[in-house]
Amino acid sequence: MNIGGVSTNINIPESAPRTVSQARDDGYDKGAIKQMVRTGKIECETCASRKYQDGSDEMVSFKSPSHISPESAASAVMAHEQEHVGNAYKKAANNDGKVVQASVRIKTSICPECGRSYVSGGETTTQIKYNEENPYAKNFKSADAASVTGLNFDLKNES
């Protein structure tokens, strides 16, 4: 049909694909699929099924695999890593110590299916210094220091 010089014979698919596999089955090329995923028109199956799990021996969240949406993964992973920092401060306080350093690193990766960047995990590093008023610990350190003094020799300064 031709109305006002404009053809209305447009091939509109009856149902638009909702996933990457449906788009592949419908004959869309890789570029079109990537564009549909990035614009949110279809859902990436890998991102939809991605799960996060903590591998530490501390009592924190994500001990069992859990899905986090890609949009909220950064804040959820950061909150989880802050639990580790909080645990370090509690451990230091309970054992007469002081947290010297605590840092959190958020890791990112690229999804192999859709090419989007996503938060793939996190890592917390802490250093705790404990009060060593114990005379036995002091003696052990001084004895250990005496045994290693002079073991390193720098040949560069030798004439």
Inset, instruction - Output the number of the condition that residue 41 fails; it satisfies all remaining conditions of (1) without any contact (Cβ under 8 Å) to a residue 60 or more places away in the chain; (2) part of a helix (DSSP H, G or I). - result: (2)
Inset, instruction - Evaluate the following for residue 68: is it closer than 30 Å to residue 35 by Cα, surrounded by fewer than 16 Cβ atoms within 10 Å (Cβ to Cβ) and of a type in the set (Val, Ile, Thr)? - result: no
Inset, instruction - Kindly indicate whether residue 102 is assigned to a strand (DSSP E or B), without any contact (Cβ under 8 Å) to a residue 60 or more places away in the chain, assigned by TED's automatic domain parsing to the domain that holds residue 123 and at negative phi. - result: yes
Inset, instruction - State whether the residues of the range 50-60 include one that is in a loop (DSSP other than H, G, I, E, B), surrounded by 11 or more Cβ atoms within 10 Å (Cβ to Cβ), β-branched (Val, Ile, Thr) and in the same structural domain as residue 90 (by TED's automatic domain parsing). - result: yes
Inset, instruction - Scan 46, 39 and give me the residue that is closer than 21 Å to residue 114 by Cα and at pLDDT 85 or above. - result: 46
Legend entry - Checklist (1) of a type in the set (Asp, Glu); (2) part of a loop (DSSP other than H, G, I, E, B); (3) under 21 Å from residue 125 (Cβ atoms) applied to residue 71, failing item: (3)
Inset, instruction - Could you grab me the full set of residues in the range 64-104 that are closer than 30 Å to residue 47 by Cβ and either hydrophobic (A, V, I, L, M, F, W, C) or at pLDDT below 90 (or both)? - result: 68, 69, 70, 71, 73, 74, 76, 77, 78, 79, 85, 104
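The values are calculated or read from the model by the stated rules, or taken from the named source; none is laboratory data. All figures in this text were calculated on a predicted structure; none of them were measured in a lab. Using ideal geometry, Cβ is built from the backbone for each residue, glycine included, and neighbour counts are taken over all protein chains shown.
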